[in-house]
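The values are calculated or read from the model by the stated rules, or taken from the named source; none is laboratory data. Everything numeric here is computed off the predicted structure, so don't read it as measured data. For neighbour counting, all protein chains shown are included, and Cβ atoms are generated from backbone atoms with ideal geometry for every residue, glycine included.
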Amino acid sequence: MSDRRTVREQYEARQDAWLAPWAVRERDAGGRACPEDEHPYRTCFQRDRDRIVHCSAFRRLDFKTQVFVPHEHDHYRTRLTHTLEVAQIARDLGRALRANEDLLETVSLAHDLGHPPFGHGGEAALDELMAGHGGFEHNRQSLRVVDYLEHPYPRFRGLNLTRVVRECLAKHETRYDAPVCEEFDPSLRAPLEGQLVDLADEIAYTAADLDDALAAEWISVEQLAELSLWRQAAALAETDAPDAREIHQRIRACKAVLALMADDAIATTADNLRAASAASVDDIRRAPRRLASFSPEMGAAVEQMQQFLLRNVYLARDNAGKERDTHRILGEMFRAFLTDPDRLPQRYRRRIEQDGLHRVLCDYLAGMTDRFCLAEYAKLRS
């Protein structure tokens with residue numbers, strides 16, 4: 001007898017047999033704010049992923065700074081390449097733990113949609129400019145992007161993503177990110193897929209910022225010798241290819257940093273799941289602590305690496321100068337539009353009465369790429 005189920009239904013049945021008991025299934029998605037019919041061959045999370053990939057905010061990540069300004073060289077990470085690296089790492093973690101890879105990829109691809117131009121300096125500048133008007137935080141902005149600012153459909157605003165995807169975005173939590181929980185019960189944790197994206201984000205930016213900082217010659221291999229994570233990675237690179245050129249040893253060591261963190265995250269999370277006897281999504285949500293984590297030893301090594309990068313990269317003199325420029329540029333633009341809102345594009349002016357001028361200005365500036373922001377700034381000063 002032929003299988004009369006749709007391709008999507010067949011895929012979900014095979015997936016259900018593979019996924020761990022605590023993994024999120026499509027039936028756990030929580031629905032959409034605006035109900036939609038199921039698709040014949042794409043699951044709800046695959047549809048969410050596709051909507052994210054095709055939205056304008058995702059395309060704009062291609063020219064937003066991660067840490068090093070992308071147009072100053074041809075190989076530094078941008079916010080987009082960072083996002084793709086997070087998605088790849090998250091899928092690998094999820095596959096090893098039998099989590100829902102489609103959900104992991106979807107959340108990964110959306111987790112930084114709210115980042116403004118010029119990296120974390122841009123976020124700090126907008127938060128200052130929005131003091132007294134709700135502030136600015138990129139997790140909140142990511143949710144605002146997918147819920148409201150993107151508007152490609154005639155029947156509803158936003159991308160109409162499933163509730164669990166939105167929850168994972170709202171509760172995104174890393175060393176530099178605070179969760180946003182007004183809509184979602186703060187006593188409940190994100191499902192493990194959301195927690196794994198948080199880990200993948202930390203793994204991705206730690207390894208990538210290290211690699212870019214070495215390439216930019218802001219730091220040296222000699223300085224890294226004091227860091228336990230680097231020493232382990234360098235030893236692996238030496239064992240793997242003892243006759244390799246210095247540059248290849250460095251590249252292999254950076255990749256080993258990533259691999260060491262990922263391997264530890266998988267092993268530790270698996271141990272945590274067993275210790276907690278997690279058998280459902282609800283068990284993950286109600287666990288007394290996050291179950292996706294590094295071991296204490298790896299956590300300490302990552303913290304040591306992060307503190308080194310904070311001192312020598314994020315707060316370095318060259319970066320401090322760029323942050324001053326960022327505050328000046330965004331500040332001048334914000335005040336210019338505040339004084340003369342007619343300078344804004346019409347689609348933004350239409351929202352002023354409903355959203356307030358300050359929030360509209362914040363949305364406009366936060367959505368800009370570095371390149372577009374600099375071009376608009378030049379126009380304002382001409």
Regarding region 260-267, can at least one residue be identified that is among the acidic types (Asp, Glu), free of Cβ contacts under 8 Å to residues at least 24 places away in the same chain and assigned to a loop (DSSP other than H, G, I, E, B)? no
Select the helices (runs of 4 or more DSSP H) contained entirely in region 1-111, then report the ones holding at least 2 residues which are among the aliphatic types (A, V, I, L, M) and within 27 Å of residue 206 (Cα to Cα). 44-53, 79-97, 101-110
Looking at region 37-78 only, could you name the residues that are modelled with pLDDT of 95 or more, within 22 Å of residue 144 (Cα to Cα) and not hydrophobic (A, V, I, L, M, F, W, C)? 46, 47, 48, 49, 50, 51, 54, 56, 59, 60
Residue count, region 112-156, condition under 20 Å from residue 335 (Cα atoms) and part of a helix (DSSP H, G or I), comes to 9
Among the residues of region 201-256, count how many are within 17 Å of residue 308 (Cβ to Cβ) and either assigned to a loop (DSSP other than H, G, I, E, B) or aromatic (Phe, Trp, Tyr) (or both). 10
Got at least one residue in region 175-183 being farther than 22 Å from residue 298 by Cα, touching a residue at least 40 places away in the same chain (Cβ under 8 Å) and surrounded by fewer than 24 Cβ atoms within 10 Å (Cβ to Cβ)? yes
The residue that is modelled with the lowest pLDDT, considering only those in region 146-184 that are over 13 Å from the mean Cα position of the chain (by Cα) and either closer than 23 Å to residue 327 by Cα or among the acidic types (Asp, Glu) (or both), is 182
All positions within region 366-382 that are more than 19 Å from the chain's Cα centre (by Cα) and within 17 Å of residue 322 (Cβ to Cβ): 371, 373, 374, 377
